[in-house]
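The values are calculated or read from the model by the stated rules, or taken from the named source; none is laboratory data. Quick caveat, the model's predicted, so the values are computed rather than measured. Heads up, the Cβs are rebuilt from the backbone with ideal geometry, glycines too, and the neighbour counts pull from every protein chain shown. Just so you know, the surface numbers come from the protein's heavy atoms only, side chains and all, with ligands and any DNA or RNA stripped out. Shrake-Rupley method; radii C 1.70, N 1.55, O 1.52, S 1.80 Å.
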Amino acid sequence: MADYNVMEMMITAAARNLEDGASVGVGTGAPCAAAMLAQKTHAPNLVVLFEAGGVSPQLPTMPISVGDSRTTYKALMASGMCEIMETCQRGMVDYCFLGGAQIDKFGNLNSTVIGDWAHPKVRFPGSGGANDFASFCWKIMVITPQDARRFVEKVDFITSPGYLGGPGSREAAGLAAGTGPFKVITDLAVMGFDEETKQMRVESLHHGVTFDQVQENTSFQLLKAPEIAETLPPTAEELRILREEVDPHKYIIGR
Amino acid sequence: MYKIIAEGTGPLFMDPDPDAARAFFRTKPRALAPKVMKVSQAVERFVHDGEYLAIGGFGANRIPTAICHEILRQNKKNLAFAGHTSTHDFQILAAGEAFDRCDIAYIIGLEARGLSAHARRYMESGKVESCEWTNYAMACRLKAAAMGVSFVPARNVLGTDTFIRSAAKIVECPFTGKQFVLFPALWPDVSAIHVHESDIYGNCRLKGISIADLELARASKHLIITCERLVHNDEIRSDPSATVIPYFLVDAVCEVPFGSYPGNMPYEYYSDEVHLREWLNVEKDEEQFREFLDKYIYSVKDFTQYLELCGGIQRINELRAQEHLIEVE
């Protein structure tokens, strides 16, 4: 078996969820690496969109900012924020990648504050474009390390909507029907969401990881998919592309 | 009549009345007059204590750095700030504690580079009154203002605490019965945008992504342009399709070569990650940070002197090579 680290595992697992011909709104870091890997393997026609305006670049290196000039390198279009977000709002963007300081069992994300909003223990950047992507794109994916402080029963602040309070609550709030969290990819497992309860469930475990280990690193009760597989590890070819072409300076996979 | 379903509890810092805006825009000069001035003059004339300020670009990409520095040097205070796609610009203005009200979409962070320790301390200090939005929500507010109407509807923020802490309202659509959030128009008192080229009147061209700057230029009551270079009016007239901001929106034009430094300027130079990392590191110690600000901003005469302190033409050439992916020894 090829030797790889957890970041390489997470990026590969994320990349495999992006099918050829789909469209995805990405940020910097692991999501961007996942989109690049997908393009260089099974999804050459993946449409990559950056919130600041970049459309379908041929990324020469990892961007540092979702608005830097790498995001329009040999791109099809250099547009603006309304153009990108309204493409999402019209229903033409299949996936987005998000992160956050906290996530709950319904996939709600907090990137605003820890503690009380008016008197925060810790202030974070806020939504940025996260709430917009989470509201508009069909399927939300999250790449994040798994620990009990991050995977909480209730987030301190819902910055970006997951399934909110459970089944039907996105639609009741007025969000577009048929949208919501899709996969949560961590250093331990790949999780999805139970169709009926809209709660997070473990779908595959990375090599050598047990369900109990994932549960220990989660502050809410995880559900189990009917069958829990082992996450397919990165192939030698995926690792070669990731290391030589996607992130040769190891900005992301070196962590 | 719209039925209001829910209202955000956040403060609305600016009046969304389109007729108040029209009354102002009626008085804005239309004459094709030269507006070239120094950065210090532009800030003195158009940025006033207590007013609402917005900065163009995307954090550390195509930002009017010289204007942000000058706002600190002139000790502007009690501004309200549009924390929209802001990163290094926010970091500079927070360093000077220039604002005490903030519309928040994205603040404190510098994306993949990490969080600004000082900006975070400032936002946690209780000195800043704030209201939550998102990047698209703020773009909608500027779009509404640019349209000359008091709101724009959208389908984000619904169901979240981001909405509760905003000053938006949720209504039922009179056509479909579906719920929409309405974002109130935002007419900033003054904005600054950095572009590639402008003529002396303020007809502007830019390359690469426009972010929300086309909306911002049209929403702003006063607009300061900094440009990489001035071009002749004949050049503008030779290709009118390249003009993205017409002169009558503009109040001041300042020629500031490499003016987005240490940020990225598309097709010109890449961001100076060494200098930006130095900012982030030095902020952890308040005493060191004060010395740093004194060295790079407060004791500096103008942007040219700042560039020289940061390595001058030699450093800029390295960043130009990075931007164009040219391997140099």
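A probe of 1.4 angstrom, applied to the heavy atoms of all protein chains, finds B:I4 with accessible area near 90 square angstrom.
Using θ = phi - 60° in the Karplus curve 6.51 cos²θ - 1.76 cosθ + 1.60, the 3J(HN,Hα) couplings for region A:105-113 round to 5, 8, x, 5, 10, 10, 10, 10, 8 Hz; x is entered for Gly and Pro. Taking every DSSP beta bridge that has both ends in the protein assembly as shown, the antiparallel portion is near 40%. Under a 5 Å amide H cut-off, with hydrogens placed 1.01 Å from N, B:N61 pairs with B:N264 among residues at least 5 apart or on other chains. The lysine pair tally for region A:94-231, using Cα distances under 14 Å and a gap of 8 or more places or different chains, is 9. With the gyration tensor restricted to C-alpha atoms of region B:10-58, the semi-axes of the equivalent ellipsoid amount to 23, 19, 11 Å, longest first.
Taking every C-alpha pair closer than 8 Å and separated by at least 6 residues, the mean separation divided by the residue count of chain B gives a relative contact order of 21 percent.
When both region A:175-197 and region B:281-310 are represented by their alpha-carbon centers, they are found 46 Å apart. Of the residues A:S127, A:G192, A:G99, the one whose Cα sits farthest towards the positive end of the charge dipole of region A:94-231 is A:S127 (charges of +1 on Lys and Arg Cβ, -1 on Asp and Glu Cβ, taken about the Cα centre).
Expressed as a fraction of 2.2 N^0.38 Å, the C-alpha radius of gyration for chain B is 1.00. Charges were assigned to the Cβ only: +1 to each Lys and Arg, -1 to each Asp and Glu. The resulting dipole of chain A about its Cα centre is roughly 460 debye.
Averaging the Cα positions of each part gives two centres, and for region B:91-158 and region B:178-202 these lie 14 Å apart.
Using the Karplus relation 6.51 cos²θ - 1.76 cosθ + 1.60 with θ = phi - 60°, the per-residue 3J(HN,Hα) values for region B:265-273 come to 10, x, 6, 10, 8, 8, 5, 8, 5 Hz, with x marking Gly and Pro.
Backbone geometry of region B:75-81 corresponds, through the Karplus equation with coefficients 6.51, -1.76 and 1.60 at θ = phi - 60°, to 3J(HN,Hα) couplings of 6, 5, 9, 6, 6, 9, 10 Hz, x marking Gly and Pro.
By DSSP, the beta bridges lying fully in chain B are antiparallel in about 35 percent of cases. Straight-line cross-link partners of B:K35 among the aspartates and glutamates, defined as a Cα under 13 Å from its Cα and at least 8 positions apart when in the same chain: B:D199, B:D251, B:E255. A cut-off of 5 Å between modelled amide H atoms, ignoring neighbours fewer than 5 places along the same chain, links A:S23 with A:V47, A:D94, A:Y95. Counting only residues at least eight positions apart within a chain, or on another chain, the lysines with an alpha carbon under 21 Å from that of B:K169 are B:K3, B:K143, B:K178. For chain B, adding -39500 (n - 2.57) for each run of n ≥ 4 DSSP H residues and dividing by the number of residues yields -9000 deg cm²/dmol at 222 nm. Here region A:152-170 and region A:211-255 have alpha carbon centers that stand 24 Å from each other.
Of all lysines in the structure, the ones whose alpha carbon falls short of 16 Å from that of B:K301, not counting any fewer than 8 places away in one chain, are B:K38.
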